[in-house]
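Only one structure is covered here, and it is reproduced in the block below.
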Amino acid sequence: MTSQRLLIVGGSYAALQMASSAREFGFAGEITMISNEDHPPYQRPPLSKSYLSGKLDAAGLPLVGDSFYRDKQIDLHLRKEVVAINPKRREVQYSNGLSEPYDWLALCTGARPRRLSIPGETLPNVHYLRTLTDAKKLKKKLIDSTRICVIGGGFIGLEVASVCRQLGLEVTVLEASSGILRRALPHALGMFLMARHKQEGVSIRLNCSAKEIKVNLDGTMSVIINNGEPIDCDQVVIGVGAEPNQQLAEAAGLRCARGIVTDGLGNTSVERIVAAGDCAAFPNPFAADPEQPLLLESIQATRDLARAAASLVVGKPEPYKAVPWFWSDQHDFKLQIAGLYRGSEKFVIRGDVRAQKFSLFGMHQSRIVSAFSINSPADHMVARKLIEEKISIEVTHLEDTDVKLKSFLRKE
Amino acid sequence: MPKVTFVQLDGSSKTVEVKAGTSVMAAAIQNNIPGIEAECGGSCSCATCHVYVSTADLSKLSPADELEDEMLDCTISQRLDGSRLSCQLILSEDTADLTVSIPEAQV
């Protein structure tokens, strides 16, 4: 067999996982990674947490050491853009007009922040947070700032709000809907987190949307909200969700929904093209509808689908089968999520809410299908297994903390 | 600079030198030491950076906090006396030459 070329478009978790898993599974051909970023693959979660707070410096961000690419013979190109795919000729085209052939193409193009199209959105002290370059800029600006306005009560917004309180800034969060983290969390837990943020001094304004961002004569800024009231601040951070980067795939005729649609092996609708990461929507065996392609936007989903896609590329296909999980750090609490919220019919509380150490278990009939843990990592770890093994539990047993959660697992 | 030695299952080992303030996990990642997954990147959320600290070195480290202790109950490889999550072990002049062993599996 002649040497095969695996060409990876992207330079973050999915791209790196694709490359390293392909090598791990025995791929002996060429691996080329084309990234449009300024830095080799790095951790994104700390950008809104420990990196922004200063606890972790930039040296701690790279996902692997520099020698990794050499040792594994991964040809990494930075600041390079793929502008088109020609699936018939199995070629990609770069912005400089040159083309390159592939045997396998992996689209790991990620996502971009959803833009809020209001007047003033492009002003200098208005930030979106996705890349290390974005985070560096924001971090620098925070040094001389005293007030920040965060638009969007999602994970990014609330994590930034937490860090800014730790740094001593006045923080206002504007959320357009009637609760924070509504897409991700049960209502009761959203209310709990909101109360915690308030205790920490974050002002959260619900049912409040930003209409305009203005620069005042003294150089400060104001975010004008729907009732006309100005929220005065020095910096604005917008965190209103992400959009999958699927333009390349769409233009090449790949099936897309919200995300590039793949199966559990990362297969797209076009032969020899796989996708993984925040750009890929794929069916999840633990979802209420296991056929529906979902865009999970998590490290876990990214890693596990990229591994599955790499297994396909080397001819030893092992489909995705993991229980989804996710985490967030805000103030002094750790939130961990296992399973998928949708499909949970009722919720059972286990633990001590006042002590801020508890989990909410989402049930479908008598099975646990999701778990939301606050400062309870053991609950989270065991819940992942309980969901995976589809174990039935009586609600009264689940509520009883004298019964160890582990005891519900099947004995091996 | 503090040093840390990683001992693999087959007995082979590698010693690396890192800046004070680096975690054992980060030292492993920066030096491409196999067997430390660190899926969550070092925020004590996943229990995939489990290591066994040598008995002689245990006293050099501050003990595991409550969250780490709970996570250690959930590692894939067996929890032993020396079990720690390497993301929580910060290297300093006090930890000097630390030796840790990599467990059989992380996930």
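The values are calculated or read from the model by the stated rules, or taken from the named source; none is laboratory data. Everything quoted here is computed from the prediction, not taken from an experiment. Positions of Cβ are backbone-derived with ideal geometry, glycine not excepted, and every protein chain shown enters the neighbour counts.
Limited to the stretch A:96-129, what total is found for residues that are of a type in the set (Phe, Trp, Tyr) and closer than 21 Å to A:Leu78 by Cα? Break it down stepwise before answering.
Within the stretch A:96-129, the first condition is being of a type in the set (Phe, Trp, Tyr), and the residues that meet it are A:102, A:104, A:128.
Then drop every residue that is not closer than 21 Å to A:Leu78 by Cα, which leaves A:102, A:104.
Qualifying residue count for the region: 2.
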Go through (1) under 23 Å from the mean Cα position of the chain (by Cα); (2) in a helix (DSSP H, G or I) one by one and return the number of the condition A:Leu116 breaks. (2)
Scan the stretch A:367-379 residue by residue and report those that are on the phi < 0 side of the Ramachandran plot, within 13 Å of chain B (Cβ to nearest Cβ) and at pLDDT below 95. A:Ser376, A:Pro377, A:Ala378, A:Asp379
From A:Ser407, A:Ser376, A:Ser359, A:Ser370, residue being farther than 20 Å from B:Cys46 by Cβ and of a type in the set (Gly, Ala, Ser): A:Ser407
Give me a count of the residues in the stretch A:45-77 that are within 22 Å of the chain's Cα centre (by Cα) and at negative phi. 19
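Given A:Glu200, A:Glu175, which one is acidic (Asp, Glu) and surrounded by fewer than 22 Cβ atoms within 10 Å (Cβ to Cβ)? It would help to see each step written out before you state the result.
Values: A:Glu175 fails: surrounded by fewer than 22 Cβ atoms within 10 Å (Cβ to Cβ).
A:Glu200 is the lone residue from the list that is acidic (Asp, Glu) and surrounded by fewer than 22 Cβ atoms within 10 Å (Cβ to Cβ).
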Output the qualifying pairs, or none if there are none: Cβ atoms under 9 angstrom, residues six or more apart or on different chains, first residue in the stretch A:71-98 and in a loop (DSSP other than H, G, I, E, B), second residue exposed (fewer than 15 other Cβ atoms within 10 Å of the Cβ) and hydroxyl-bearing (Ser, Thr, Tyr). A:Lys80/A:Ser95; A:Glu81/A:Ser95; A:Arg89/A:Ser99
Residues located in the stretch A:8-40, provided they are of a type in the set (D, E, K, R) and under 23 Å from B:Cys40 (Cα atoms): A:Arg23, A:Glu24, A:Glu37, A:Asp38
Candidates B:Ala96, B:Ala26, B:Ala38 - the one that is away from every other protein chain (no Cβ under 12 Å), out of contact with any His (no Cβ under 8 Å at 6 or more places or on another chain) and either of a type outside the set (Ser, Thr, Tyr) or under 20 Å from A:Pro45 (Cα atoms) (or both): B:Ala96
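Of all residues being in contact with a helix residue (DSSP H, G or I) (Cβ under 7 Å, 6 or more places away or on another chain) and not in a helix (DSSP H, G or I) in the stretch A:385-395, which is surrounded by the most Cβ atoms within 10 Å (Cβ to Cβ)? Just the residue, please.
We begin by selecting, within the stretch A:385-395, every residue in contact with a helix residue (DSSP H, G or I) (Cβ under 7 Å, 6 or more places away or on another chain); these are A:386, A:391, A:393.
Checking the rest, the ones that are also not in a helix (DSSP H, G or I) come to A:391, A:393.
Values: A:Ile391: 14, A:Ile393: 17.
Across the stretch A:385-395, the extreme among qualifying residues is A:Ile393.
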The stretch A:69-106 - residue that is out of contact with any helix residue (DSSP H, G or I) (no Cβ under 8 Å at 6 or more places or on another chain) and within 14 Å of chain B (Cβ to nearest Cβ) and, of those, surrounded by the most Cβ atoms within 10 Å (Cβ to Cβ): A:Tyr69
Residues of the stretch A:37-68 being surrounded by 18 or more Cβ atoms within 10 Å (Cβ to Cβ), farther than 18 Å from A:Arg303 by Cα, of a type in the set (A, V, I, L, M) and facing another protein chain (nearest Cβ under 9 Å), which ones? A:Leu56
Go through (1) in a loop (DSSP other than H, G, I, E, B); (2) in contact (Cβ under 8 Å) with a residue 12 or more places away in the chain; (3) of a type outside the set (S, T, N, Q) one by one and return the number of the condition A:Val382 breaks. (1)
Given the criteria within 11 Å of the chain's Cα centre (by Cα), within 13 Å of chain A (Cβ to nearest Cβ) and without any contact (Cβ under 8 Å) to a residue 60 or more places away in the chain, does B:Ala64 qualify? no
Condition check for A:Leu398: surrounded by 15 or more Cβ atoms within 10 Å (Cβ to Cβ), more than 14 Å from chain B (Cβ to nearest Cβ) and over 27 Å from the mean Cα position of the chain (by Cα): yes
Taking the stated definitions as given, is B:Val51 under 23 Å from A:Ser376 (Cα atoms) and either basic (Lys, Arg) or more than 14 Å from chain A (Cβ to nearest Cβ) (or both)? yes
How many residues, within the stretch A:346-366, are touching a strand residue (DSSP E or B) at 6+ places or on another chain (Cβ under 7 Å), basic (Lys, Arg) and more than 13 Å from chain B (Cβ to nearest Cβ)? 2
Give the residues of the stretch A:178-197 that are surrounded by fewer than 16 Cβ atoms within 10 Å (Cβ to Cβ) and aliphatic (A, V, I, L, M), sorted by residue number. A:Ala188, A:Met191, A:Ala195
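In this structure, is A:Ala301 part of a helix (DSSP H, G or I) and in contact with a Pro (Cβ under 8 Å, 6 or more places away or on another chain)? First the steps, then the outcome.
Details: part of a helix (DSSP H, G or I): yes; in contact with a Pro (Cβ under 8 Å, 6 or more places away or on another chain): yes.
When the stated conditions are applied, A:Ala301 passes them.
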In this structure, does A:Gly110 turn out to be closer than 26 Å to A:Thr262 by Cα and in contact with a Gly (Cβ under 6 Å, 6 or more places away or on another chain)? yes
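Report yes if B:Ala105 is among the small types (Gly, Ala, Ser), within 19 Å of A:Trp327 (Cα to Cα) and in a loop (DSSP other than H, G, I, E, B), otherwise no. First the steps, then the outcome.
Working: among the small types (Gly, Ala, Ser): yes; within 19 Å of A:Trp327 (Cα to Cα): no; in a loop (DSSP other than H, G, I, E, B): yes.
So B:Ala105 fails the test.
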Exactly one of A:Ala310, A:Ala322, A:Ala306, A:Ala338 is in a helix (DSSP H, G or I), within 13 Å of another protein chain (Cβ to nearest Cβ) and closer than 28 Å to A:Gln17 by Cβ, and that residue is A:Ala306
